[in-house]
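First comes the structure, then the notes that go with it.
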Amino acid sequence: MTRKTIITILKVVSGMLLVAGYLLTGTYGLSPINQRLYQEALALQPVVDDLNFSEFRLSDYPVAIYDGKHDYVLDNGKDIAKRQPVLGALAATTYEVNGHYEVFIPEFKTYQMMEYGTADSESKKDVMESHFISMIWHEAFHAWQMTHYFPALKEWGTEELDIQEIDGNPAVKELYTHQYKLLKQAVLEEDTDIIKQLVRKFLNIEAQRQQLLPEEVIGFENRTELLEGSAYYVESQVILATAGKERYHDYYISDMAEYREGRIKYYVSGMAKLTLLDKLGVAWKNEFNMSRSITDLLAESLE
């Protein structure tokens, strides 16, 4: 599933200037906290640069913040543009607008209500802000994926699947639960040789599990890990860098061994496998082009 401060001072424009369907609004209409958190996300670029993904920059993708009535589009710290909503949904996602991918997120107070049930919890303020910023980076990574590697993602097959083919199969579920336990052990382990032993056990179970699934389902799993697991990895690394190890562990590692219904399982397994590649010293990011499964990358790390 990020922060630092530089607030852009926007000029108050005399009158309302309509440009390509946008209204330049200065700071009007979008609360200062959203502007601040966006600037803090931008200021984390050096942290994300250290992850070594090729040409991955938040500033390349406009961020549209939806307040329930309008989108407020922030573009690399420039003027805020107010427009009629493109999606009109309280969701975090990426979407193509006029041939260019944008990041879409709900405004911060709404995010607080959605995630924590309150918009005024001071005790959780830092946590909420950290996760809001990491959410921006998560969705920006999707924009980067779709901009550069959409054809490769399509090769994996369907984007949608009745997940009950997996969650409703007791044998598959049992094997997957065992795999999650091994992933958590490996992520917490520091000895490289032990990590490799745990990865080998994981891969053996993976081979057994895939024998129980049709090719279409395996392709769906690989695609979802590549798409969502890697974005979850970026999100987790932003939290690690900005909120510290304890928060990172609490949110991403502590319950890793639990089986999850639905697509979220692939966020966790993909993130865990990529974390293991880091622990094994594999320089995987510069060649991460969505054309090879994360499981294959992990298998190759043992050769």
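Go through Ala272, Ala283 for me and flag whichever is over 20 Å from Trp156 (Cα atoms) and modelled with pLDDT under 95. Give the derivation first.
Numbers: Ala272 fails: modelled with pLDDT under 95.
Just a single option satisfies the conditions, and that option is Ala283.
For Tyr111, only one of the following conditions fails: (1) closer than 21 Å to Asp71 by Cα; (2) of a type in the set (Ser, Thr, Tyr); (3) out of contact with any Phe, Trp or Tyr (no Cβ under 9 Å at 6 or more places or on another chain). What is its number?
Checking Tyr111 against (1) closer than 21 Å to Asp71 by Cα; (2) of a type in the set (Ser, Thr, Tyr); (3) out of contact with any Phe, Trp or Tyr (no Cβ under 9 Å at 6 or more places or on another chain), the one that fails is (3).
Is it the case that Glu190 is part of a loop (DSSP other than H, G, I, E, B) and more than 22 Å from Lys265 (Cα to Cα)?
Details: part of a loop (DSSP other than H, G, I, E, B): yes; more than 22 Å from Lys265 (Cα to Cα): yes.
It is true that Glu190 is part of a loop (DSSP other than H, G, I, E, B) and more than 22 Å from Lys265 (Cα to Cα).
With respect to the numbered conditions (1) part of a helix (DSSP H, G or I); (2) within 19 Å of Glu221 (Cβ to Cβ), which one is the sole condition not fulfilled by Trp156?
(1)
Going by the conditions given, is Ser291 at pLDDT 95 or above and of a type in the set (Gly, Ala, Ser)?
On the way: at pLDDT 95 or above: no; of a type in the set (Gly, Ala, Ser): yes.
So Ser291 does not fit the description; no.
How many residues does region 91-114 hold that are under 28 Å from His148 (Cβ atoms) and open to solvent by 70 Å² or more (accessible area, probe 1.4 Å)? Spell out how you get there, then give the answer.
Going through region 91-114, the residues under 28 Å from His148 (Cβ atoms) turn out to be 91-106, 111.
Retained after the next criterion (residues that are open to solvent by 70 Å² or more (accessible area, probe 1.4 Å)): 95-96, 98, 100.
So the answer is 4.
Report, by residue number, each residue of region 228-276 that is farther than 22 Å from Thr192 by Cα, charged (D, E, K, R) and open to solvent by less than 10 Å² (accessible area, probe 1.4 Å).
Glu235, Lys265
Restricting to region 141-156, give me the number of residues that are more than 17 Å from the chain's Cα centre (by Cα) and surrounded by fewer than 16 Cβ atoms within 10 Å (Cβ to Cβ).
From region 141-156, those more than 17 Å from the chain's Cα centre (by Cα) are 151-152, 154-156; that's our starting set.
So of that shortlist, the ones also surrounded by fewer than 16 Cβ atoms within 10 Å (Cβ to Cβ) come out as 151-152, 154-155.
Of the residues in that region, 4 qualify.
With the structure loaded, tell me whether Arg200 is over 16 Å from the mean Cα position of the chain (by Cα), of a type in the set (D, E, K, R) and surrounded by 15 or more Cβ atoms within 10 Å (Cβ to Cβ) or whether it fails that test.
For Arg200, the condition - over 16 Å from the mean Cα position of the chain (by Cα), of a type in the set (D, E, K, R) and surrounded by 15 or more Cβ atoms within 10 Å (Cβ to Cβ) - is not met.
Report whether or not Tyr266 is assigned to a helix (DSSP H, G or I) and in contact with a helix residue (DSSP H, G or I) (Cβ under 9 Å, 6 or more places away or on another chain).
yes
From the list Tyr28, Tyr61, which residue is at pLDDT 50 or above and surrounded by 21 or more Cβ atoms within 10 Å (Cβ to Cβ)?
Numbers: Tyr28 fails: surrounded by 21 or more Cβ atoms within 10 Å (Cβ to Cβ).
The conditions single out Tyr61.
Go through region 277-296 residue by residue and tally those that are open to solvent by 10 Å² or more (accessible area, probe 1.4 Å) and assigned to a helix (DSSP H, G or I).
Residues that pass the stated criteria total 7.
The values are calculated or read from the model by the stated rules, or taken from the named source; none is laboratory data. All values reported here derive from a predicted model rather than from experimental measurement. Cβ atoms come from the backbone with ideal geometry, glycine included; neighbour counts cover every protein chain shown. Keep in mind that these areas ignore ligands, DNA and RNA; they rest on the heavy atoms of the full protein, side chains included. Shrake-Rupley method; radii C 1.70, N 1.55, O 1.52, S 1.80 Å.
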